């Protein structure tokens, strides 16, 4: 740092509401004095903050920016219409060269915590999210997914029943097919299969959409307008998946168990009534709630993982494809890990 450069530590919020504090800093500056603007504490910046920084760079030749993240630099680029020259970007360069695994994990946890806070704030205040977007996402995730979820769970129910019926028949225990299908589908297979299906269909769609907005600098434009893109884009999807999961799980349970009933009827001679009565002796309301709760957790993990990959996409169309693939892999991996944890805790 040059000795004549004056160090200015910027506040954590460079927004219109804090402009009186920002103006106090501007009044203390001498014209044409080289500055070193420290962004290490800046967490939020809107068009007002970007205008102030652009003005300082123009009126104070030789000024430097330090502690500037790639997100804030992109906002300044969008506001100015060209890439702002940074003589010594130190931290910004490090941010653009990629992040380590530990940094990515921390960013994922921060995003998850932020989203839970945003959802709670929206449910409490009912502000910051367009209600029509929730309905749109609910239509896409619920109505748009029930067909493939129904087909897959039906086939899984038939497959499990077929592979189990032969073994039970050897011991003369055909009636217990209802116990295996009912308990297995409601508590394990439906949550797992629904989660994997949603990861491939809903998760990939979320990542592709957010990543495309990031590449086209629409996310930066939202920040420039003072809108929190993580809240604006993620909260409707988290609420929608929370509303869609109970409906999808209920439908998947019915369809999957019906597939097992068909196998029991035509391969083991078990009537629908006998199948249902036997299943009720082993399957309780607690099992239904556990399966639905697991699927709810899987749905939230899918949305957060997909959003995380979408917001961290690299520039270019290739980056969108890579981020979409990585989001599906990450979501399915986390689903299986969480399902194993649930198994250890519940059994």
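Side notes on the structure shown:
- Test: residue 214 is crowded, with 20+ Cβ neighbours inside 10 Å and either assigned to a loop (DSSP other than H, G, I, E, B) or out of contact with any helix residue (DSSP H, G or I) (no Cβ under 6 Å at 6 or more places or on another chain) (or both): yes
- Those residues of the stretch 141-163 which are in a helix (DSSP H, G or I) and more than 21 Å from residue 177 (Cβ to Cβ), in sequence order: 141, 142, 143, 146, 147, 148, 149, 150, 151
- Filter result (within 28 Å of the chain's Cα centre (by Cα) and not in a loop (DSSP other than H, G, I, E, B)) within the stretch 26-48: 44, 45, 47
- Residue 133, sole failed condition from (1) over 26 Å from residue 298 (Cβ atoms); (2) touching a residue at least 24 places away in the same chain (Cβ under 8 Å); (3) surrounded by fewer than 18 Cβ atoms within 10 Å (Cβ to Cβ): (1)
- Set 180, 219: member being touching a residue at least 12 places away in the same chain (Cβ under 8 Å), under 29 Å from residue 254 (Cβ atoms) and either part of a helix (DSSP H, G or I) or over 23 Å from the mean Cα position of the chain (by Cα) (or both): 180
- Residue match in the stretch 139-151 (condition: under 29 Å from residue 332 (Cβ atoms), at pLDDT 90 or above, over 24 Å from the mean Cα position of the chain (by Cα) and buried (at least 20 other Cβ atoms within 10 Å of the Cβ)): no
Here's the yes/no breakdown for (1) modelled with pLDDT under 90; (2) surrounded by fewer than 22 Cβ atoms within 10 Å (Cβ to Cβ):
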| position | (1), (2) |
| --- | --- |
| 293 | no, yes |
| 307 | no, no |
| 316 | yes, yes |
| 321 | yes, yes |
| 331 | no, no |
| 337 | no, yes |
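- Qualifying residue in the stretch 231-251 (condition: in contact with a helix residue (DSSP H, G or I) (Cβ under 6 Å, 6 or more places away or on another chain), part of a loop (DSSP other than H, G, I, E, B) and at negative phi): no
- Filter pass, residue 105 being part of a helix (DSSP H, G or I) and out of contact with any helix residue (DSSP H, G or I) (no Cβ under 8 Å at 6 or more places or on another chain): yes
- Screening the candidates 272, 342 for the property of being within 22 Å of residue 249 (Cα to Cα), over 19 Å from the mean Cα position of the chain (by Cα) and surrounded by 18 or more Cβ atoms within 10 Å (Cβ to Cβ) yields one hit, 342.
The values are calculated or read from the model by the stated rules, or taken from the named source; none is laboratory data. This structure is a prediction, so every number in the text was calculated from the model and none was measured. Positions of Cβ are generated from backbone atoms using ideal geometry, with glycine treated the same way; all protein chains shown enter the neighbour counts.
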